[in-house]
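Data first, discussion second: the structure below is written as structure tokens.
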Amino acid sequence: MSTGPSQAEIPAGVTLPIYMDNHATTPLDPRVLEAMMPYLTTKFGNAASRNHSFGWEAEQAVDAAREQVAKLIGATAKEIIFTSGATESDNLALKGIAEMYRERGNHIITQVTEHKAVLDTCKRLEKSGCRVTYLPVKADGTIDLEDLRRAIDDKTILVSIMAANNEIGVLQPVREIGKICHERGVLFHTDAVQAVGKVPLNVIDDCVDVASISAHKIYGPKGVGALYVRRRNPRVQIAAQIDGGGHERGMRSGTLNVPGIVGLGKACELAQENLLQEASRTQCLRDRLKTKLEAELDYVHVNGSMEHRLPGNLNMSFVYVEGESLLMGINDVAVSSGSACTSATLEPSYVLKALGLGDDVAHSSIRFGLGRFNTEAEVDYVAAKVIQVVRHLRELSPLYEMVKDGVDLTKVQWAAH
Ligand SMILES: *Cc1c(COP(=O)(O)O)cnc(C)c1O
């Protein structure tokens, strides 16, 4: 009888704990910190100060960052509005458009696996007279384009569909969605937080009108983000949600976070320089992890499409194991489980439930988020550790034993309690 998992060997070059939760946030790239440093120290000017060099210096830095952000997504600098992060960007996009286009209509279309920054904003808008359609997703996590076409009516002003999901990494068909929206004269916003810098995104080719970006998901600092707002074909108008001075073309007042903005700019530049190489490197790591887990464990499956997926995402269910117990067993590895993501309760993730997963399978899921700083040695350690802990937990699981003995659990008559 085993008394517990033995220690997985720690390979050379691996330091614990290992960070593999890059969808929650990413470490700051040292090159980003280096670019920010002067603006946290000697170059402390207010970018709105027009009367002296401190202000001009800050303004120049902000302008350069605006170019860097714009370039990554195929936009122009004037189309970039800096915000405090993507939660604010999502709020500004949805509320700002709902308010500005009220005369034209009050109908918004989104989908069920959006980030809470979009879903909660939609709920608030429903209270103030908007009608919101929440499209379902297919078992692979993507929306059905026919559902979208059918949902658009003459009161529809906006479609908001994320480019990549933060839990299952599934990529929505952004370009097809954009085309449908443009054909029907409806604005298209995409929460592009997880996609930007990881997979190619071009606002012209992809027919995107408004897009949310966050620095801390692309190796930049926390507390800064951007909203892309298209200026022509069509020119998008957004009602400000924060008043006070008219910064950012009147769409977002407040003294600019100059060091943060410089960091976001640098993060975008770095992401663009290496986008394809980095995507293929992260994908190799992800596939290595997946192959190892699938080779050694039975009753595991990937949640969401493997074909339309972020290179660094692996969301896997280890059936007959509680995700929370697995997390505790691998406590020197930082990952997320499919429960309790957004609340203190142990509710299974609404994203996994939207794919049609049962509560038990959703509860047994783990999200691995691989990124720029993960190594092959780390992947090997994590794979070995997960295999060991899952095997151990299953040894303790009566359900797993029954399944192994050939019992069909769906036919078992459980005693009532
Ligand atoms: C992290 C995230 C957000 C929120 O971004 P913040 O900058 O942390 O406010 C919004 N949408 C998605 C898809 C995210 O992953």
Report summary line: Scattering profile of segment 266-417 from the Debye formula, Cα beads only, expressed as log10 I(q)/I(0) at q = 0.09, 0.10, 0.15, 0.17 Å⁻¹, is -0.33, -0.40, -0.85, -1.05
Report task. Positive end of the charge dipole of the chain (Lys, Arg +1 and Asp, Glu -1 on Cβ, about the Cα centre): tell me which of 410, 313, 289 has its Cα farthest that way. Result -> 313
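If you roll a 1.4 angstrom probe over the protein chains with everything in place, what fraction of the accessible area of the chain belongs to carbon and sulfur, to the nearest %?
Numbers: 9710 of 18540 Å².
Whole-percent figure for carbon plus sulfur exposure: 52.
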Query raised in the report: So, with +1 on the Cβ of K and R and -1 on the Cβ of D and E, and no other charges, what is the size of the charge dipole of the chain about its Cα centre, to the nearest 20 debye?
Result: 1280 debye
Query raised in the report: Kirkwood hydrodynamic radius for the chain: how many Å is it when counted over pairs of different Cα atoms?
Result: 22.8 Å
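What does the net charge come to around residue 93 if you take all other residues with beta carbon closer than 10 Å to its beta carbon, with K and R at +1 and D and E at -1? Each step should come with its number before you reach the end.
Values: positive: 95; negative: 88, 90, 191, 209.
Taking every Cβ under 10 Å from that of residue 93, the sum is -3.
Over all directions, the average projected area of the alpha-carbon convex hull for segment 12-70 comes to how many nm²? It would help to have the intermediate numbers written out before the result.
On the way: hull surface 25.3 nm².
If I average the Cα hull's projected area over directions, I get 6.3 nm².
If contacts are Cα pairs under 8 angstrom and at least 6 residues apart, what is the relative contact order of the chain in percent?
On the way: 800 pairs, mean separation 90.5, N = 417.
The normalised contact order for the chain reaches 22 percent.
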Query raised in the report: Say the dipole of the chain comes from +1 at the beta carbon of Lys and Arg and -1 at that of Asp and Glu; which of 25, 247, 44 then lies farthest toward its positive end?
Result: 247
Report task. Report, in cubic angstrom per residue, the convex hull volume of the C-alpha atoms of segment 250-329. Result -> 196 Å³
Query raised in the report: If the cut-off is a Cα-Cα distance under 14 Å, which aspartates and glutamates reach residue 116, setting aside same-chain residues fewer than 8 apart in sequence?
Result: 88, 90, 167, 191
Query raised in the report: PRE reach from residue 276 (point 7 Å along Cα→Cβ): which of segment 184-212 fall under 17 Å by backbone N?
Result: 197-202
Query raised in the report: Among 367, 124, 230, which one shows the biggest mean-square fluctuation in a GNM of the chain, springs joining Cα atoms closer than 10 Å?
Result: 124
**Report entry** Local electrostatic count at residue 59 - Lys and Arg +1, Asp and Glu -1, tallied over other residues with Cβ under 15 Å
**Finding:** +1
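Would you work out the charge dipole size for segment 30-271 about its Cα centre, treating the Cβ of every Lys and Arg as +1 and the Cβ of every Asp and Glu as -1, and quote it to the nearest 20 debye?
Numbers: 31 positive and 29 negative charges, 69 e Å.
About 320 debye.
Among the listed pairs 222/266; 78/155; 138/198; 43/266, which are separated by more than 25 Å between their Cα atoms?
On the way: 222/266 14 Å; 78/155 29 Å; 138/198 23 Å; 43/266 16 Å.
78/155, as the Cα separations exceed 25 Å there.
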Report summary line: Taking alpha-carbon centroids only, segment 134-198 lies from segment 114-129 a number of Å equal to 16 Å
Query raised in the report: Under the rule of -39500 (n - 2.57) per DSSP H run of 4 or more residues, summed and divided by the residues of the chain, what mean residue ellipticity at 222 nm is obtained, to the nearest 500 deg cm²/dmol?
Result: -12000 deg cm²/dmol
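Using Cα pairs closer than 8 Å and at least 6 residues apart in sequence, work out the relative contact order for segment 30-271, in percent. If you can, show how the numbers build up before the last one.
On the way: 486 pairs, mean separation 67.9, N = 242.
This gives 28 percent for segment 30-271.
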Query raised in the report: Across 5 Å bins from the origin, how do the percents of Cα pairs in segment 30-271 run, short distances first?
Result: 1, 7, 15, 19, 19, 16, 10, 7, 4, 2, 1, 0
Report summary line: Placing each pseudo-label 7 Å from Cα in the direction of the beta carbon, residue 139 and residue 401 end up separated by a distance in nanometres of 3.2 nm
Report summary line: Checking 308, 52, 107 against a Gaussian network model of the chain (alpha-carbon springs below 10 Å), the top fluctuating residue turns out to be 52
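Compute the Rg/Rh shape ratio of segment 1-135: radius of gyration over Kirkwood radius, all on alpha-carbon atoms. Please list the in-between numbers first.
Numbers: Rg = 22.6 Å, Rh = 19.7 Å.
Computed over Cα atoms, the ratio is 1.14.
The values are calculated or read from the model by the stated rules, or taken from the named source; none is laboratory data. Because the structure is predicted, anything quoted here is derived from the model rather than measured. No Cβ is skipped: glycine too gets one built from the backbone with ideal geometry, and neighbour counts run over all protein chains shown. For the accessible areas, the whole protein counts, side chains as well, though only heavy atoms, and no ligand, DNA or RNA atoms are used. Shrake-Rupley method; radii C 1.70, N 1.55, O 1.52, S 1.80 Å.
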